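My structure is below; once you've seen it, I'll send some questions.
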Amino acid sequence: MIDRTHQLAVTKQAQVLGVSRGSCYYRAKPVSEEEQFLMNRMDQLHLEYPFAGARMLRALLRQEGIMVGRKHVSTLMKRMGLEALYRKPPTTRRHPSHQVYPYLLRGLTITRANQVWAMDITYIPLAKGFVYLVAVVDWYTRRVLAWRVSITMDVQFCLEAVEEALSRYGNPDILNTDQGAQFTSHSFTEWVKAQGIRLSMDGRGAWRDNIFVERLWRTVKYEEVYLHAYESVPAARTGIDRYFQFYNSRRPHSSLAERTPDQVYFQQLPQLQAA
């Protein structure tokens, strides 16, 4: 994060973090209650109908008596990091400094912990405002290895999450992400590659490429976030931490033969460490 008291100039700090210098001086305006309600409802509808774009979301909202324009819905979707989940033709031009890496998991048999990790970001509503949540998940065991909450979608909280996961559990063979600006940024990709990890990225709009994290977000929101109207960022951190402890250690998964992610992950961990 930017530290204005540091001896290193703000311009240089922004360059090192890979963020715009202008963003260091920007002060976000508070979100109105009407806007917050609209964003929260859009988030819920997106979980129910992940294929819905701005036009369909506008129509669904109008069915509920919420009169809003398509352009405004589209603007809020970008702000929240929401995207209609369906395959799109590859027509988007990418920034030349942001390399996109190929998807490495197609046809790959994943048979053990720490073979593939996945990362993603989602929107978390608060009573007044919102935050973003990033998580690192072991693909084979579904275990949440590390997570961070941030008020902005910058690259730093993503780096902090993956650094914590590596320091606690060692290195995976592959790290899979989407093509978000945080994960394609030079600072993120170069740091990950420097650890000897191969990068894999979903096809644009191809939600099935990272389906386990998409399922995690749905589970977290329906079983924790929507049941607790977090009043503040610290309350969100406390609630999410409590839930992930339950998710890892007590919540059985049908795909794991009713075992918990902890049971499967730590059963394999001694073998991995020995190897």
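The values are calculated or read from the model by the stated rules, or taken from the named source; none is laboratory data. These numbers were taken from a predicted model, which means no experiment stands behind them. Note that we place each Cβ from the backbone using ideal geometry, even for glycine, and neighbour counts take in every protein chain shown.
Just to check your reading of the model, which residue among Tyr101, Tyr49 is surrounded by 12 or more Cβ atoms within 10 Å (Cβ to Cβ), modelled with pLDDT of 90 or more and of a type in the set (Ser, Thr, Tyr)?
Only one candidate qualifies: Tyr101.
May I ask you to list pairs of residues, at least six apart or on different chains, whose Cβ atoms are under 7 Å apart, with the first in the range 212-230 being in the same structural domain as Asp138 (by TED's automatic domain parsing) and farther than 21 Å from Leu256 by Cα and the second being part of a helix (DSSP H, G or I) and of a type outside the set (A, V, I, L, M)?
Glu224/Gly239; Glu224/Tyr243; His228/Gly239; Tyr230/Gly239
Let me ask something else. Does the range 122-130 include one or more residues that are over 24 Å from His186 (Cα atoms), aliphatic (A, V, I, L, M), buried (at least 16 other Cβ atoms within 10 Å of the Cβ) and in the same structural domain as Leu166 (by TED's automatic domain parsing)?
yes
Looking only at the range 143-155, which residues are modelled with pLDDT of 95 or more and not small (Gly, Ala, Ser)?
Answer for the range 143-155, where residues must be modelled with pLDDT of 95 or more and not small (Gly, Ala, Ser): Arg143, Val144, Leu145, Trp147, Arg148, Val149.
Each row is one residue, and each column tells you yes or no for (1) without any contact (Cβ under 8 Å) to a residue 40 or more places away in the chain; (2) under 18 Å from Asp262 (Cβ atoms).
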site: Asp138; (1), (2): no, yes
site: Val144; (1), (2): no, yes
site: Trp147; (1), (2): no, yes
site: Asp154; (1), (2): no, no
site: Cys158; (1), (2): yes, no
site: Val162; (1), (2): no, no
site: Arg168; (1), (2): yes, yes
site: Ile174; (1), (2): no, no
site: Asp178; (1), (2): no, no
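Is it the case, given these coordinates, that Arg58 is of a type outside the set (Gly, Ala, Ser), in a helix (DSSP H, G or I) and free of Cβ contacts under 8 Å to residues at least 24 places away in the same chain?
Yes: the conditions hold for Arg58.
Also, quick follow-up: On the given criteria, is Lys78 in a helix (DSSP H, G or I), modelled with pLDDT under 90 and out of contact with any Ser or Thr (no Cβ under 6 Å at 6 or more places or on another chain)?
It is true that Lys78 is in a helix (DSSP H, G or I), modelled with pLDDT under 90 and out of contact with any Ser or Thr (no Cβ under 6 Å at 6 or more places or on another chain).
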